[in-house]
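The values are calculated or read from the model by the stated rules, or taken from the named source; none is laboratory data. What you see is a predicted model, and the numbers here were worked out from it, not measured in a lab. Neighbour counts are summed over all protein chains in view; Cβ atoms, including those assigned to glycine, are modelled from backbone coordinates with ideal geometry.
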Amino acid sequence: MSRIGKKPIIIPQGVEVKRDGLRIHVRGPKGELFFTLRPEIDFVISGSEVNVSEAKVTKGSKALWGTTRTVINNLIQGVHSGFEKKLEIHGLGYRASVEAGKLILSLGYSHPVEVVPPEGVSFSVEKSIVTISGSDKVLVGNMAHYIRSLKKPEPYKGKGIRYLGEVVRKKAGKKAVAASK
């Protein structure tokens, strides 16, 4: 039995959930998302909640049950309130700005780096903090990972792009050897 899979998903007001075969459509104020389920998993929409269960009991269905429930919950939460990731930029001369929806990064390269957001994702910048927001949790997380990979934090000075609150362990640099002879 999946402890997570057994929990019902509460549908908030303003969110509409529909079933189309093995596909679930979720529509809300922040947009519309869909997900195709595996045939081993079934779900029932009753009133203002969704219940996920196993259609066929197999070895893999037990593993998919809780995961599918979490994915459906993320769809509902995404179209209702959305998701966001925050990145902070550290380093002298490293900057970020938003122009015409694109994120422009100055990261010490000979050219500025432009990041075009996919549909459903938006950027905002305040000082050295970049906020990535959208309704699809996977898309927001992938965009944050991509931006971080443009200039990962280095361990000697800590310069680079990191998640807000991420701690970068610093290494000791080379020690100057005192010539005593």
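What number of residues in the stretch 106-135 are farther than 28 Å from Q77 by Cβ, part of a strand (DSSP E or B) and among the hydrophobic types (A, V, I, L, M, F, W, C)? So the count comes out to 1. In the stretch 136-150, of all residues being farther than 25 Å from N73 by Cβ and in contact (Cβ under 8 Å) with a residue 60 or more places away in the chain, the one that is surrounded by the most Cβ atoms within 10 Å (Cβ to Cβ) corresponds to I147.
Here the stretch 49-79 is the region considered, the condition is being in contact with a Pro (Cβ under 8 Å, 6 or more places away or on another chain) and not β-branched (V, I, T), and the residue that is nearest to V26 (Cα to Cα) is E49.
The condition (being surrounded by fewer than 17 Cβ atoms within 10 Å (Cβ to Cβ), at pLDDT below 95 and not in a strand (DSSP E or B)) is satisfied by just one residue among L64, L92: L92. Of all residues in the stretch 4-51, those being among the aliphatic types (A, V, I, L, M), exposed (fewer than 14 other Cβ atoms within 10 Å of the Cβ) and either touching a residue at least 24 places away in the same chain (Cβ under 8 Å) or in the same structural domain as K137 (by TED's automatic domain parsing) (or both) number 2.
Filtering the stretch 30-66 to residues that are on the phi > 0 side of the Ramachandran plot and within 25 Å of the chain's Cα centre (by Cα) leaves only G31. Filtered by the rule that a residue be assigned to a strand (DSSP E or B) and acidic (D, E), the stretch 1-51 gives E16, D20, E32, D42, E49.
One residue stands out among those in the stretch 52-77 that are touching a residue at least 40 places away in the same chain (Cβ under 8 Å) and touching an Asp or Glu at 6+ places or on another chain (Cβ under 6 Å): the one that is farthest from I11 (Cα to Cα), which is W65.
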